[in-house]
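Worksheet: one structure, shown below.
Quick note: the coordinates plus some simple rules give every number you see, no bench work behind them. Note that the coordinates shown come from a computational prediction; the quantities given were computed from them, not determined experimentally. Counting neighbours? That spans all protein chains shown, and the Cβs are built from the backbone with ideal geometry, glycine included.
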């Protein structure tokens with residue numbers, strides 16, 4: 001019972017933060033696909049809090065996906081010198097704190113929980129592939145910070 005209340009509280013905090021971030025970035029999300037992808041990398045892992053992953057395998061998948069998500073945000077922060085990854089990592093850290101603090105008693109997961117965790121992980125990994133393409137393989141290299149700008153006067 002205590003875990004369920006904690007999970008709901010952590011979910012509410014992460015969801016509220018993501019909604020406020022979405023309202024703040026509303027105009028930018030319409031204009032930029034890159035910002036939309038990184039915003040989705042903040043929102044999608046929040047769904048992990050609605051699953052009750054308890055087995056070692058499922059929590060390992062959740063940890064791996066969250067760590068990969070944080071690493072992708074750090075790469076974007078370092079390479080492109082943008083502040084958005086720092087703002088999106090707040091909800092990721094909240095989710096990671098929940099799983100570290102409240103999933104210490106392994107037990108068997110239901111089939112629906114396994115399917116949900118794997119589906120959410122798949123969505124996040126596909127979104128990370130899009131993020132990788134935006135950060136590491138920009139279509140227009142002159143848009144990358146520090147690159148030569150090909151402007152005509």
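From a point 7 Å beyond the Cα of residue 107 in the direction of its Cβ, which residues of the stretch 1-30 have a backbone N at a distance under 17 Å? Correct set: 1-8. Label-to-label distance, residue 79 versus residue 9, with points set 7 angstrom from Cα along the beta-carbon direction: 3.8 nm. Let me know the shape class of the stretch 1-73, please: from the alpha-carbon gyration tensor, a ≥ b ≥ c as square roots of the eigenvalues, rounded when a/c is under 1.5, otherwise prolate if a/b is greater than b/c, or oblate. Oblate shape, in that a/c is at least 1.5 and b/c is the bigger or equal ratio. Legend: calculated FRET efficiency, residue 97 to residue 67, from the Cβ-Cβ distance at R0 = 22 Å, rounded to 0.05, equals 0.95. Here the peptides 115-125, 18-28, 36-46, 89-99 are ranked by packing, the mean other Cβ count within 10 Å, and the order with the highest first is 36-46, 89-99, 115-125, 18-28.
Relative to the current alpha-carbon distance between residue 129 and residue 57, full extension at 0.36 nm per residue lengthens the span by 23.6 nm.
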